[in-house]
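Reviewing the structure listed below.
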Amino acid sequence: MIGTQAVKILIIDDHEVVRLGVKQILGRALPHVELGEADTGQKGIAAVQREAWDLAIVDLSLPDQSGLGLLCELHRLAPDLPLMVLSLHAEEQYAVRAFRAGAMAYLTKQVAAEELARAVTHVLAGRMYVTPSLGECMASSLAKHAVRPGHHTLSERELEVLELLAQGQSVRHIAESLALSIKTVSTYRARLLEKLELTTTAELIRYALDHRLVE
């Protein structure tokens, strides 16, 4: 796919500076690249529905929806579209879930330009890319007696609701965003409190911040 043929890459990130930086890095690294951008999840979905792409680079913290939810939706809409994550969230927090949602690579925004370009090249060639640090983290998590934080036991939807609560969204707004009933979101909130052994929404928010689950 990389050569004389043009490569189309979609960057979904709500920070203009990040999009510009990624475009500059990939513009230098790939000789024939066409770059598109979207600053919300819905615009990213619309771009994928409108035209074909060779790769989508997705942020996990978007203003209108969960990045993990977006990965699942993009994978459903375009099963053959390679996906990779570029996020502020530490690898140990979200990488495994991102891979389960369809991503082929997970990088943090602190990554060097050369590694971003290398990861993109791997994914465009149809190969998954795992950084050495993520490989060590995943190996450690498989250790027999590894202690895992409480949020690792959450379902994808529970984690999504936790993220949105931590962003200060109300139960009603979360219900509208996820196309769920208010009662259902309230049930998810109750499960979060029980699983994380907390008592209030304020404690949920503090937990999410302490564990770097939100930016």
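What follows is calculated from the coordinates using simple rules that are stated; it is not laboratory data. As the structure is a prediction and not an experimental result, all values here were calculated from the model. So basically every Cβ, Gly included, is an ideal-geometry build from the backbone, and we count neighbours across all protein chains shown.
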Exercise for the section: Collect the residues in region 88-134 that are under 18 Å from residue 70 (Cα atoms) and in a strand (DSSP E or B), keeping them in residue-number order. Expected result: 103, 104, 105, 106, 107, 108
Exercise for the section: Provide a single number: the residues in region 19-29 that are crowded, with 19+ Cβ neighbours inside 10 Å and either farther than 21 Å from residue 112 by Cβ or touching a residue at least 60 places away in the same chain (Cβ under 8 Å) (or both). Expected result: 2
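Considering every residue within region 57-72, establish whether at least one is in a helix (DSSP H, G or I), small (Gly, Ala, Ser) and either out of contact with any Gly (no Cβ under 9 Å at 6 or more places or on another chain) or without any contact (Cβ under 8 Å) to a residue 12 or more places away in the chain (or both).
No.
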